[in-house]
């Protein structure tokens, strides 16, 4: 009985060792040896191992597997069109852009930091050149036109509507002037000059009436004359006639009477001062962007992300074709050493390979048990 037990145990152990060692050797032969060995001219069988021998095929198949089954255009399109992904991208962009919106650095400092060759001097010169070119070109093109052709009809209508108001304004200003101490003094000076020009008759009239009384009597009459409807009608007709004559004049005739270069220069300088490029560029970037941060992050950014991901989804197939992703994977795998490939595979499947070894030992032990039973039955 003891002999039978020893025989059974011995054959189980031998079978388990054979099964375990065989499976372990088979697993190692997937990678080992790394290179082929030769005895003379004859290559030793099973060298190199399976994976070193078929590495190029393995790299090609991995590339095909990645492109055809793992990272496919459809899977990437599904990912970029996912609402959660778009929301995460929008939130990330909002967080990344927040320091820009709240930056204390000036616009000029940002331009310098980004190596953008733009300065206040450059912008002012560009603005000056553009204004001079535009104004000069406009003046040249309008020289041969009449004023009524050069000025838009709407402006002409507005000017004609303003003429009665201008009459009222002139009358009010004249009345204010002649009722003021300065106006009264001016009337007195004019009367004095008038009387002096009349010689002895003027002196006699001045002595008879008195200069002050004449000025006091004339000044109210002047005010009455200004406020009289007839006077205002005369002034209204006069302004309308002058405006009608002015409209028939050519722009060139008016420009010839004016210092054109000086006017253009002054106009350009005025516009440049109004634009104030230096002042705008010296302000912090937050001055311009902070008021718009909320609408940017809550409305504009999600819309841009959605449109961008929609466009990206359409372009993904062509992008992947241009990237040659399959070739990239293949080249990467081919560049790995066999030891690195072995490390990668074992790092993923080490536990499973151990289980295969243990399974081989188990099967070998079972086979040894069965063999020992047969030996005992037929011995």
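The values are calculated or read from the model by the stated rules, or taken from the named source; none is laboratory data. Keep in mind it's a predicted model, so treat the numbers as computed, not measured. Methodologically, a virtual Cβ is constructed for each residue, glycine included, from the backbone with ideal geometry; neighbour enumeration extends over all protein chains shown.
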Original post:
Restricting attention to the range 338-348, does a residue exist that is in contact with a helix residue (DSSP H, G or I) (Cβ under 6 Å, 6 or more places away or on another chain) and within 30 Å of residue 123 (Cα to Cα)?
Top reply: no
Original post:
Looking at this structure, is residue 90 touching a residue at least 60 places away in the same chain (Cβ under 8 Å), part of a helix (DSSP H, G or I) and surrounded by 13 or more Cβ atoms within 10 Å (Cβ to Cβ)?
Top reply: yes
Original post:
Can you name the residue in the range 37-71 that is in contact with a strand residue (DSSP E or B) (Cβ under 9 Å, 6 or more places away or on another chain) and surrounded by fewer than 13 Cβ atoms within 10 Å (Cβ to Cβ) and is also farthest from residue 336 (Cα to Cα) among such residues?
Top reply: 44
Original post:
Does residue 327 qualify as being closer than 30 Å to residue 84 by Cα and loosely packed, with under 14 Cβ neighbours inside 10 Å?
Top reply: no
Subject >> Within the range 23-50, considering residues that are under 27 Å from residue 367 (Cα atoms) and in contact with a helix residue (DSSP H, G or I) (Cβ under 6 Å, 6 or more places away or on another chain), the one modelled with the lowest pLDDT >> reply: 30
**OP:** Looking only at the range 295-348, count how many residues are under 33 Å from the mean Cα position of the chain (by Cα) and not in a helix (DSSP H, G or I).
**Re:** 1
**OP:** Answer yes or no: is there a residue in the range 259-274 that is without any contact (Cβ under 8 Å) to a residue 12 or more places away in the chain, at positive phi and not in a helix (DSSP H, G or I).
**Re:** no
Original post:
Does residue 298 fit the bill of being more than 30 Å from residue 16 (Cα to Cα), assigned by TED's automatic domain parsing to the domain that holds residue 70 and modelled with pLDDT of 80 or more?
Top reply: no
**OP:** Residues being touching a strand residue (DSSP E or B) at 6+ places or on another chain (Cβ under 9 Å), surrounded by fewer than 12 Cβ atoms within 10 Å (Cβ to Cβ) and at pLDDT below 85: count how many of those fall in the range 227-253.
**Re:** 0
